[in-house]
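Taking it in order: structure first as structure tokens, then the write-up.
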Amino acid sequence: MNEFNQIFVGLDVHKETIAVALAQPGRSDPQYHGNIVNSPAAVQKLLKQLSAHSETLNFCYEAGPCGYGLYRDLTTAGHHCSVVAPSLIPRKAGERMKTDRRDALMLARLHRSGELTAVWVPDLEQEAIRDLTRGREDMKAMELTARQRLGAFLLR
């Protein structure tokens, strides 16, 4: 992959929207592209807009509750994507204000400089087993709480 024709794209992903920022090779500041709806159709439209100049697109976004569907959509379309560990993102001391725009710009900048740590992305089967296991653990914890409440009620 030629590093001079890559565009580094930082995505701040939420349930309803995705904030998009672009970092060109070199030392220039990343540019905010805007918000898109978090849907496969909107992502495909974004890919067509960004890849119109035939540059290599290199995406990254923070791991979170939205899962890995976006990762799979981007890699299936032939682009590189990294899912980043939020706890390992370098932050400046005193940097408290978080907005979608700032987060997307920061991700694009750090991704271009190689300062982000990617997490392992499970395949669909592994993700389904993980969800099932977490659901079972939640139900077992609720069962224990209910059993303790019933025992305390009967003791009274």
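Condition check: surrounded by fewer than 16 Cβ atoms within 10 Å (Cβ to Cβ), at pLDDT below 90 and acidic (Asp, Glu). Does Glu115 satisfy that?
Values: surrounded by fewer than 16 Cβ atoms within 10 Å (Cβ to Cβ): yes; at pLDDT below 90: no; acidic (Asp, Glu): yes.
In short, no.
Which residues, counting only those in the range 40-69, are out of contact with any Pro (no Cβ under 9 Å at 6 or more places or on another chain), under 21 Å from Asp103 (Cα atoms) and surrounded by 12 or more Cβ atoms within 10 Å (Cβ to Cβ)? Please lay out each step first, then the result.
So the first thing to find is which residues in the range 40-69 are out of contact with any Pro (no Cβ under 9 Å at 6 or more places or on another chain), and the list is 40-61, 65-67.
Going one step further and asking which of them are under 21 Å from Asp103 (Cα atoms), we end up with 42-43, 46-47, 50, 57-61, 65-67.
Within the range 40-69, Ala42, Val43, Leu46, Leu47, Leu50, Leu57, Asn58, Phe59, Cys60, Tyr61, Cys66, Gly67 qualify.
Just the residues that are surrounded by 15 or more Cβ atoms within 10 Å (Cβ to Cβ) and outside any loop (DSSP other than H, G, I, E, B), please, taken from the range 74-90.
Leu74, His80, Cys81, Ser82, Val83, Val84
Pick out the one residue from Ile7, Ile36 that is β-branched (Val, Ile, Thr) and open to solvent by 20 Å² or more (accessible area, probe 1.4 Å). Break it down stepwise before answering.
Numbers: Ile7 fails: open to solvent by 20 Å² or more (accessible area, probe 1.4 Å).
Of Ile7, Ile36, the one residue that is β-branched (Val, Ile, Thr) and open to solvent by 20 Å² or more (accessible area, probe 1.4 Å) is Ile36.
Looking at Ala52, Ala93, Ala42, Ala108 in this structure, which one is at pLDDT below 90 and part of a helix (DSSP H, G or I)?
Details: Ala93 fails: part of a helix (DSSP H, G or I); Ala42 fails: at pLDDT below 90; Ala108 fails: at pLDDT below 90.
On inspection, the qualifying residue turns out to be Ala52.
Within the range 118-143, restricting attention to residues that are under 20 Å from the mean Cα position of the chain (by Cα) and among the acidic types (Asp, Glu), which residue is surrounded by the most Cβ atoms within 10 Å (Cβ to Cβ)?
Out of the qualifying residues, it is Glu127.
The values are calculated or read from the model by the stated rules, or taken from the named source; none is laboratory data. It should be emphasised that the depicted structure is a prediction, and the values quoted were computed from it without experimental measurement. Counting neighbours? That spans all protein chains shown, and the Cβs are built from the backbone with ideal geometry, glycine included. Note: accessible area is taken over every heavy atom of the protein model, side chains too, but ligands, DNA and RNA are not part of it. Shrake-Rupley method; radii C 1.70, N 1.55, O 1.52, S 1.80 Å.
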